[in-house]
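So the structure is just underneath, and the comments pick up after that.
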Amino acid sequence: MRFIKWFEEVGRNDVALVGGKNASLGEMIRNLSSEGVNVPSGFAITAEAYKYLIKEAGIGSEIRDILEGLDTHDMEDLSKRGSKIRSIIRNARCPPDLEDEIRAAYREMESRYGKNVDVAVRSSATAEDLPTASFAGQQETYLNVRGENELIEKVMECFASLFTDRAISYRVDKGFDHFSVYLSVGVQKMVRSDLACAGVMFSIDTESGFRDAVYITGAYGLGENVVQGIVNPDQFYVFKPTLKKGYRPLVEKKLGTKRKKLIYRKNRAGTKQKLVRPEEQKKFVLSDDEVFTLARWACIIEEHYGMPMDIEWAKDGLTKELFVVQARPETVHSQRNVAQLETYVLEEDRNALKEKLLVEGEAVGTKIGQGEVNVIENARDIHKFEPGQILVTEMTDPDWEPIMKIAGAIVTDRGGRTCHAAIISRELGIPCVIGTVHGTKVLRNVKEVTVDCSDGVGRVYEGRLKYRRDRVPLDQLPRTRTKIMMNIGVPSNAFVQGQIPNDGVGLAREEFIINSYIGIHPLALIDYEELKEKAKGDRKIARVIRAIDARSASYDDKAQFFIDNLAMGIGKIAAGFYPNDVIVRLSDFKTNEYANLIGGYLYEPEESNPMLGWRGASRYYDERFKPAFGLECKAIKKVRDEMGLTNVKVMVPFCRTPEEGRKVIEVMEEFGLKQGENGLEVYVMCEIPSNVILADEFADVFDGFSIGSNDLTQLTLGLDRDSDLVAHIFDERNEAVKRLVKYVIDVAHRHEPRRKIGICGQAPSDFPEFAEFLVECGIDSMSLNPDVVISTRLNIAKTEKRLEEQGKL
């Protein structure tokens, strides 16, 4: 055949002949099938066929004339010219010899798969899916095409789609000549994901550029709903380094709403939307085993191509098999300058901005943008958009690209982080908040907004807020003898913060994860069935049960919901900083804070001074709380044993006596966490004067110390740090506090064996002179807030150099 190539006949070097999409399908079928990667078969109608059509129909010069003098920023003119060209190509007569070959190839597909076989007809341009330009969604795709006549019709539609408005505009922006780009068409056996699910995955984190994670999204039905952002999909993150060692490192699993699914029309070709039943929406579309299969395939594909990849997958509802239906190079973070770190910092206190917060959604990227709001609901009205405005719409598709590239930021009601709006925003380098649900309504009458994606959550605030942009050349940062670690609370930021030069995490706060990922008192989850019975006669408990069900809908075992979500939160932080140490502080809620969790009032006593009450170590061995502590231990064991993240260490907070420390270590072992086993180290917070006075005895129990300067200061000076009346006395630089700090560092280093000692309090973040004092004391590590890690490293490097010159280091 002159114009047909079966996928098995082409590979990655045939882009000029069959386009990027088809070349990639052939490459995978030929090279990765033996490694278990399933790719549906089919054939490519070559770019030579497109050239032949244009030549035989005699329409090339007419197309050139229409494009002469085009200004792609004039939306109305672009629309008229594009429409005219597409009409000319669509209405051209397909040359008989070309048509005969297409029909013959389709009949061969019928002999393989049955009469009237269902196929996907996809455009595959010769300047597409390149490492430097994605051309994502520029041309058309048609699903569930059946029969020779409909196939010919859709092939002509694909040829015409080389001149969609968005494709014309994109080529101009990227510097591609319209007449040096040609179109091939792929005809691929459909995967019956209309009866199951489909989605998109990346072998890199799409927001941070973190290269050690596979990011997977999925929803019910055909994958176009995920690609186009019509639904908010389920999301999964898998950590690649330990996956390759045989572990099961699922470090995030987030349920999407998935309200619609795209399915086949009954008894005929084409597709239609259908609502998903509420009970189905509450279930994940993939099992954990299926997530790991897809993640392994992503690793195999990435290793084969030698670069991060953007992959579409589908599950067949008839055979239950998974398939890869497309793969292309990732084009944003793979092109990034890794020698420079750019961060956007909101210079106003988010807690004080609650009244200005208008909507929230998923953050795309980590930037901040601001400008005048322009709510546009239909692509027909894009000519009303002005450069620098904030585009607010329900969702975008490729028709919106001419104005997306001039927007200050983008806000959508719908879509997941692999939808069109997200992909294009990343490529353009502009902030985007997706899935706000009500953004178009809430922002309709708002004049100006600030779109903030710098904190892991997409937030839209009223007005123009102050922010700054920091750029740091990472290759020029000095190394220090003192380890520079980080304090981390929210797992969603771990992949970004882990790329700041660091020596690990000195403090990962469990209570942040429990609050944001779980929100339910652990004992209420353990007692769920018992509470369910009590709820029949108690309205207040009935409300608790409804709240638990809403948060844990996909779990029958409610205790397992706590274990899995705490494990994923810890796991994501551990993955972001792997293989450096991540020291996880066990839960340090006070009674009033635990009482604020769902169901907490049922279990928490009232204390007049919770700061000095039932907190930290005293809870863990207490029979009233011990079962809840057991869930924490099981979560950490899961992270270390099942996910393979043995860089996780454990830290015990507010441990008043060495005897308490021994009791906690015994209870941990009871729940499967044995000190020393598989390299497990257990540290203690040094935050009570007794920790310093009896430091030698605490060093017999624990592997190291972490100084909590906030509590140590308040308990040394005998003041409540939350009281405005005495707040002016609170100062970590007080001589009494400094003497305690120096003493405990000396004891830890003199102990046999020598004990590690660091600090995770606020002081070195706030006061550079206190950080210098710690270096002079010989502290092993400082754990700092992420925003001061770079500046403190520079300060510490100078201090160490000065001390070396003085012979003190």
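At a glance:
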| quantity | calculated |
| --- | --- |
| Meets criteria (at pLDDT 95 or above, over 38 Å from the mean Cα position of the chain (by Cα) and either surrounded by 14 or more Cβ atoms within 10 Å (Cβ to Cβ) or closer than 20 Å to residue 482 by Cβ (or both)) for residue 745 | yes |
| Tabulated pairs, the range 348-359, first closer than 12 Å to residue 450 by Cα, second among the small types (Gly, Ala, Ser), C-beta under 9 angstrom, 6+ apart or interchain | 356/463; 358/439; 359/439; 359/458 |
| Filter result (modelled with pLDDT under 95 and open to solvent by less than 10 Å² (accessible area, probe 1.4 Å)) within the range 209-232 | 209, 225, 226, 229, 231 |
| Residue list for the range 494-505, restricted to those being assigned to a helix (DSSP H, G or I) and either open to solvent by 20 Å² or more (accessible area, probe 1.4 Å) or touching a Cys at 6+ places or on another chain (Cβ under 8 Å) (or both) | 496, 497 |
| Residue within the range 574-591 that is in contact with a Pro (Cβ under 9 Å, 6 or more places away or on another chain), under 15 Å from residue 511 (Cα atoms) and hydroxyl-bearing (Ser, Thr, Tyr) present | yes |
| Residues being open to solvent by less than 20 Å² (accessible area, probe 1.4 Å), farther than 21 Å from residue 418 by Cα, out of contact with any Cys (no Cβ under 7 Å at 6 or more places or on another chain) and aliphatic (A, V, I, L, M) - total across the range 184-208 | 2 |
| Yes/no for residue 415 being among the small types (Gly, Ala, Ser), in contact with a helix residue (DSSP H, G or I) (Cβ under 7 Å, 6 or more places away or on another chain), crowded, with 18+ Cβ neighbours inside 10 Å and at pLDDT 85 or above | yes |
| Residue in the range 286-299 that is farthest from residue 221 (Cα to Cα), counting only those that are open to solvent by less than 50 Å² (accessible area, probe 1.4 Å) and more than 18 Å from the chain's Cα centre (by Cα) | 297 |
| Residue in the range 300-334 that is nearest to the chain's Cα centre (by Cα), counting only those that are charged (D, E, K, R) and either surrounded by fewer than 18 Cβ atoms within 10 Å (Cβ to Cβ) or assigned to a strand (DSSP E or B) (or both) | 310 |
| Single residue of the range 58-97 satisfying the filter (basic (Lys, Arg) and open to solvent by 60 Å² or more (accessible area, probe 1.4 Å)) that is nearest to residue 403 (Cα to Cα) | 80 |
| The listed residue being in contact with a Ser or Thr (Cβ under 6 Å, 6 or more places away or on another chain) and either of a type in the set (A, V, I, L, M, F, W, C) or closer than 29 Å to residue 304 by Cα (or both), out of 186, 218 | 186 |
| Those helices (runs of 4 or more DSSP H) lying entirely in the range 756-808 with at least 1 residues over 15 Å from residue 733 (Cβ atoms) and open to solvent by 20 Å² or more (accessible area, probe 1.4 Å) | 789-805 |
| Candidate set from the range 107-143 (those that are out of contact with any Leu (no Cβ under 8 Å at 6 or more places or on another chain), open to solvent by less than 20 Å² (accessible area, probe 1.4 Å) and modelled with pLDDT of 70 or more); member that is farthest from residue 420 (Cα to Cα) | 109 |
| Of all residues making up the range 675-689, the number that are open to solvent by less than 40 Å² (accessible area, probe 1.4 Å), over 14 Å from residue 612 (Cα atoms) and either in contact (Cβ under 8 Å) with a residue 60 or more places away in the chain or out of contact with any Ser or Thr (no Cβ under 9 Å at 6 or more places or on another chain) (or both) | 4 |
| Failed item in (1) more than 20 Å from the chain's Cα centre (by Cα); (2) buried (at least 18 other Cβ atoms within 10 Å of the Cβ); (3) in contact (Cβ under 8 Å) with a residue 40 or more places away in the chain, with residue 576 passing the rest | (1) |
| Single unsatisfied condition, residue 692 versus (1) open to solvent by 10 Å² or more (accessible area, probe 1.4 Å); (2) not in a loop (DSSP other than H, G, I, E, B) | (1) |
| Some residue of the range 551-567 being within 30 Å of residue 722 (Cα to Cα), open to solvent by less than 60 Å² (accessible area, probe 1.4 Å) and not acidic (Asp, Glu) | yes |
| Filtered residue count, the range 506-540, keeping only those that are crowded, with 23+ Cβ neighbours inside 10 Å and more than 23 Å from residue 620 (Cα to Cα) | 0 |
| Any hit, the range 525-547, residues being hydroxyl-bearing (Ser, Thr, Tyr) and part of a helix (DSSP H, G or I) | yes |
| Pairs where the first residue, in the range 717-739, is closer than 23 Å to residue 692 by Cα and in contact (Cβ under 8 Å) with a residue 24 or more places away in the chain and the second is polar (S, T, N, Q) and loosely packed, with under 14 Cβ neighbours inside 10 Å, C-beta under 7 Å, 6+ apart | none |
| Criterion: within 31 Å of the chain's Cα centre (by Cα), in contact (Cβ under 8 Å) with a residue 12 or more places away in the chain, under 23 Å from residue 744 (Cβ atoms) and surrounded by 16 or more Cβ atoms within 10 Å (Cβ to Cβ) - qualifying residue of 652, 701, 639 | 652 |
| Count of the range 152-184 residues which are part of a helix (DSSP H, G or I), closer than 25 Å to residue 425 by Cα and more than 33 Å from the chain's Cα centre (by Cα) | 1 |
| Qualifying residues in the range 1-37 (those that are part of a loop (DSSP other than H, G, I, E, B) and either open to solvent by less than 50 Å² (accessible area, probe 1.4 Å) or of a type in the set (A, V, I, L, M) (or both)) - the one modelled with the lowest pLDDT | 1 |
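The values are calculated or read from the model by the stated rules, or taken from the named source; none is laboratory data. Quick caveat, the model's predicted, so the values are computed rather than measured. In this analysis, Cβ positions are derived from the backbone assuming ideal geometry, glycine residues included, and neighbour counts consider all displayed protein chains. Accessible surface is based on the protein model in full, side chains and every heavy atom, while ligands, DNA and RNA are left aside. Shrake-Rupley method; radii C 1.70, N 1.55, O 1.52, S 1.80 Å.
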